1. Just the number please: accessible area per residue for the protein assembly as shown, 1.4 Å probe, all protein chains included, in Å².
2. When we measure straight from the Cα of residue B:7, which aspartates and glutamates land under 13 angstrom away, once same-chain ones fewer than 8 places off are left out?
3. Would you mind listing the distances between the residue A:160 label point and the same position in each other copy? Use 7 Å along Cα-to-C-beta, nm, one decimal, shortest first.
4. Using unit Cβ charges (K, R positive; D, E negative) and no other charged atoms, how large, in debye to the nearest 20, is the dipole of the protein assembly as shown about its Cα centre?
5. Quick one: putting +1 on the C-beta of Lys and Arg, -1 on the C-beta of Asp and Glu, what dipole do you get for segment A:72-184 around its Cα centre, in Debye to the nearest 20?
6. Please give the per residue volume of the convex hull enclosing the alpha carbon atoms of segment A:1-158, rounded to a whole number of Å³.
7. How about segment A:90-139: which trypsin sites (Lys or Arg not before Pro) there are in a DSSP loop, with at most 13 other Cβ atoms within 10 Å of their Cβ?
8. Remind me, relative contact order of segment A:1-156 in percent, using alpha carbon pairs under 8 angstrom and six or more residues apart?
There are 2 protein chains.
Amino acid sequence: MAGTGQKLRRQEQLQALLQENPFVTDEELADSLGVSIQTIRLDRLNLGIPELRERVRQVAEGVTAQLKSLSGAELVGELLDVELGHQAISLLAITSEMVFAKTKLARGHHLFAQANSLAVAVIDANVALTGTAQVKFRRPVKLGERVVAKAVVVGGKGTRFNVSVSSSVNGEEVMCGEFVIFAKGLEEDM
Amino acid sequence: MAGTGQKLRRQEQLQALLQENPFVTDEELADSLGVSIQTIRLDRLNLGIPELRERVRQVAEGVTAQLKSLSGAELVGELLDVELGHQAISLLAITSEMVFAKTKLARGHHLFAQANSLAVAVIDANVALTGTAQVKFRRPVKLGERVVAKAVVVGGKGTRFNVSVSSSVNGEEVMCGEFVIFAKGLEEDM
DNA sequence: TCAGGTATTATTACCTGGTACTAATAACAG
DNA sequence: CTGTTATTAGTACCAGGTAATAATACCTGA
């Protein structure tokens, strides 16, 4: 095998370099590791590291996924059922962008986002804004779990609605919350 | 000029298509707009739209900064000041991804996310999870506004902490909330 | 000391998704 | 029917690769 494990060390360095900054060409890598460009290519092949453009594309896509996980759509999660003005149900799968790196437990605000956007969506009005919210996290939610949120309009008068949301994983409640939502006419808003 | 403004309409469509999904080749664009690839190139040149790889790179690079202000990082917003265990301050600029398309008003869960992640960050522990939260949205926050959130640890005993968060725009309070955060040892967690 | 293996480098053909430039048409307005 | 703009076509070239083949370099065990 390699006399002094130079290859191994180099490949580790290569991985470290790319982890730090994936936007580097093979030529630059070859340069900074003091080997030929072919060696870099072989190393990448060996380690299963894709080419620059592919790396950039992966970063770009990952980034958009993260953006969409909290902000892209009107609704956070997937709408399963809705009876406008009465109740709505949505599903949110907990992906790696939503969890703490250390514990793989979902950050509270993602569960909140699902519940809040559902509470807003269930209101049968052009525009609805959250007034107050009170939520309780019953147990941590893990990476990969599928959270079903159910929002029910439990009361309210005029432009003010009370919405109760319960989120559960496999029937076990993980979060519950009470939202006060205000519906607004378009004219008083713009 | 153009007889029926076809060029203008096509260029608008082009921009719309790329806004929606920047990861499309000229060939695919040409195909879906029913023109030749050269026309697409001319249109891009005309509109100052860079090539695919450059667009992907911009998404990957440019948005990393924006991303960190959204959900990827441990904190939503930019940390301005922190005294672990006592208080912390963060800043969140409201971008177009965070608002309702119709009203350009921030969705509640973005403000909640800023506050929640700040409340978790201020706790001086390896792992901290939100137990309960109670928030009140005092007035809508508009696109472009800069929200400053201040989290203060106001009490708690053992592994349980009460954190009070107040968010404001130009000194005017837009949201306030009370969070109960639980600090967890690593061993009971894994 | 030398055969045999791994590691590295070089070379070449080819690919995608372009830029930049030139030239030929097409469409239309006056 | 002529001039102008719009569109399409074609060619040369580029970055940053893949894939394959061949030529060295290096080390190691017998």
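1. Computed with neighbouring chains in place, this is 52 Å² per residue.
2. B:43
3. Ordered by distance, the counterparts are at 3.0 nm.
4. I would put it at about 560 debye.
5. I would put it at about 460 debye.
6. Numbers: hull volume 25.0 nm³, N = 158.
With only Cα atoms used, segment A:1-158 gives 158 Å³ per residue.
7. A:102
8. Result for segment A:1-156 is 21 percent.
The values are calculated or read from the model by the stated rules, or taken from the named source; none is laboratory data. No experiment lies behind these values; they were computed from the predicted model shown. Cβ atoms come from the backbone with ideal geometry, glycine included; neighbour counts cover every protein chain shown. Each accessible area value is taken on the protein alone, full model and side chains, heavy atoms only, with ligands, DNA and RNA left out. Shrake-Rupley method; radii C 1.70, N 1.55, O 1.52, S 1.80 Å.
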